[in-house]
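Worksheet: the structure to be examined is printed underneath.
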There are 2 protein chains.
Amino acid sequence: MQVACSDCNLSRFCMPSGMQPKEVEALNDAVRRIRPLHKGDIVYRAGDQFNALFALKSGTAKLVHSDAGGNESIITVMLPGEVLGFDGLASGRYACSLIALETSSYCELPAHQLPRLSQFIPSIHSMLLQRAGKKFEDSLHRMALIQRPAEERLAAFVLDLSTRLHARGFSPSEFRISLTRQEIGDHLGLALETVSRLFGHFEALGLIRVQGKLIHILNVDALRGYSPH
Amino acid sequence: MQVACSDCNLSRFCMPSGMQPKEVEALNDAVRRIRPLHKGDIVYRAGDQFNALFALKSGTAKLVHSDAGGNESIITVMLPGEVLGFDGLASGRYACSLIALETSSYCELPAHQLPRLSQFIPSIHSMLLQRAGKKFEDSLHRMALIQRPAEERLAAFVLDLSTRLHARGFSPSEFRISLTRQEIGDHLGLALETVSRLFGHFEALGLIRVQGKLIHILNVDALRGYSPH
DNA sequence: CGGCCGCTTGATGAGTGTCAAGCGCCGTGG
DNA sequence: CCACGGCGCTTGACACTCATCAAGCGGCCG
């Protein structure tokens with residue numbers, strides 16, 4: 001059974017955010033809802049021709065960029081309600097790969113629908129522009145973060161996940177990180193051993209409790225003391 | 001005396017790139033040409049309300065992002081023909097500051113002209129989207145670079161400047177870097193001393209010749225051997 | 001039950017930041 | 001015209017963060 005965009009509880013994060021009801025309807029008609037993904041499934045691959053934007057309905061996914069040397073970097077962890085695929089807009093090819101981190105489901109807005117949609121949703125271009133610009137701002141944030149000490153990076157990462165999950169109705173103090181230590185390292189520019197050690201360190205300080213991928217935040221304020229701002 | 005967009009020798013880099021002659025004309029009418037800037041002059045400040053896109057006609061400028069801790073990071077060095085200001089599109093406020101590195105001149109496309117322009121240039125939205133996407137891809141590149149060893153970063157920086165200057169008709173092997181060592185460091189995530197030492201190192205290896213801000217590239221291939229691809 | 005993968009923990013070293021001193025160039029003012 | 005002062009740059013010594021290498025543990029799945 002498919003959920004219409006107007007009934008989707010993620011609409012305030014997703015494309016419909018800021019649209020009129022009639023516009024959401026037009027969007028709804030253009031969107032395709034896709035069979036579930038499993039861990040490791042690839043939504044799109046770096047180099048593939050750009051053919052759609054994607055919105056996550058449930059689960060998590062990672063946006064991975066491989067540089068010339070084959071070094072993998074995780075650009076972002078995608079949470080439900082988020083829209084991705086903008087990395088293909090400029091060149092017509094995706095610059096990154098989008099890969100499911102667990103069993104997930106998503107919606108797809110085919111690229112060929114965009115011209116037609118703009119008749120029903122005049123503001124769609126500026127909305128896309130805003131969202132693409134947001135991705136750029138996010139990348140500014142990440143670049144600044146990557147130059148900070150390891151402690152700050154990990155603290156900021158945990159807090160970022162916490163607030164984004166909270167906004168989606170999940171507990172901000174108790175959640176599962178769907179990334180391995182290696183992947184967290186790839187995201188923060190750290191070795192997996194450093195990630196593991198820092199988790200241990202934060203735990204010893206009583207800031208968090210770590211059980212594998214399960215994180216309990218015990219002292220948000222102290223954690224915030226590490227991450228800049 | 002003002003140069004029309006259609007007569008500007010930078011048009012193939014600038015907004016007119018890919019436009020029809022009539023579209024360029026409409027663009028030309030919307031653009032304002034601005035008095036020259038001097039070193040240190042600020043085109044826009046982080047936090048200012050987004051009110052225009054900017055194209056550089058001559059000179060160079062730096063796009064600076066300051067993180068919460070007051071740490072300055074130079075996102076890009078802007079060369080003639082390049083368009084900037086996209087960092088203000090998403091939130092309506094500029095996320096960075098754009099500052100002249102030397103005596104420069106630029107054109108301005110006021111934000112309030114965009115709706116009107118889209119009537120004459122239907123493709124303008126997708127062009128803007130492409131350019132904003134390009135900025136995102138550039139930032140991916142920079143993020144990957146910042147995690148590489150210092151030698152690679154500096155080599156890649158010099159080669160990047162070289163090719164971009166070459167594309168604009170300047171010598172690819174002999175040019176002036178308008179940044180201080182500190183600013184190069186801010187761009188590459190290095191201390192200014194490291195930048196200075198690496199220049200000395202490359203010079204000792206016979207790859208380049210350095211005289212203050214003047215760079216001669218003596219062995220491009222060897223330099224390419226450092227930067228990843 | 002066995003093997004593998006993800007994780008932890010320890011030891012070591014390389015790559016860079018930091019601190020410090022000194023040099024040269026250039027613009028300013030006497 | 002020259003002396004002075006400041007800024008940008010170089011060079012050296014040192015410290016420290018974090019990557020790397022290595023070993024071992026535990027849980028999960030076949």
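A compact table of results
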read-out: Amide H contacts under 5 Å for B:T76, placed H, 5+ residues apart; value: B:L63
read-out: For A:R209, label point 7 Å along C-beta direction: distances to other copies, nm; value: 6.8
read-out: Paramagnetic reach from B:Q182 (point 7 Å along Cα→Cβ, amide N under 20 Å) across segment B:82-101; value: B:97-101
read-out: Per-residue average of Cβ from other chains inside 10 Å of A:84-91; value: 4
read-out: Distance histogram for chain B (every C-alpha pair counted, 10 angstrom bins, percent rounded to whole numbers); value: 7, 31, 35, 20, 7, 0
read-out: Net length gained if the chain between A:S126 and A:Q49 were fully extended (0.36 nm per residue, minus Cα distance); value: 25.4 nm
read-out: Rg over Rh [alpha-carbon atoms, Kirkwood Rh] for segment A:93-144; value: 1.05
read-out: Total lysine pairs whose alpha carbons fall under 25 Å of each other in chain B (8 or more apart, or interchain); value: 11
read-out: Acute angle (nearest 10 degrees) that the helix A:124-146 long axis makes with the longest principal axis of chain A, alpha-carbon atoms; value: 10 degrees
read-out: Angle in degrees between helix B:21-30 and the longest Cα principal axis of chain B, rounded to the nearest 10; value: 90 degrees
read-out: Segment A:121-192 - Kirkwood radius from inverse mean 1/r over Cα pairs (Å); value: 14.0 Å
read-out: Pairwise centroid distance, computed over Cα atoms, of segment A:97-116 with segment A:149-190, Å; value: 23 Å
read-out: Shielding of B:70-76 by partner chains, average beta-carbon count, 10 Å; value: 2
read-out: Computed over segment B:56-145: relative contact order in percent, which uses C-alpha pairs under 8 Å that are six or more apart; value: 30 percent
read-out: Shielding by partners, peptide A:123-133 (average Cβ within 10 angstrom, other chains); value: 6
read-out: R0 of 25 Å, Cβ-Cβ distance A:Q2-A:H216: FRET efficiency to nearest 0.05; value: 0.10
read-out: Per-copy distances of the B:I34 label point, shortest first, in nm (7 angstrom along Cα→Cβ); value: 4.2
read-out: Inter-label distance, nm, simple model (7 Å from Cα along the C-beta direction), B:R209/B:D138; value: 3.1 nm
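Values quoted throughout were computed directly from the atomic coordinates according to the rules given, and no laboratory measurement underlies them. On a predicted model such as this, the values are computed, not experimentally measured, just so you know. Neighbour counts run over all protein chains shown; Cβ positions are idealised from the backbone, glycine included.
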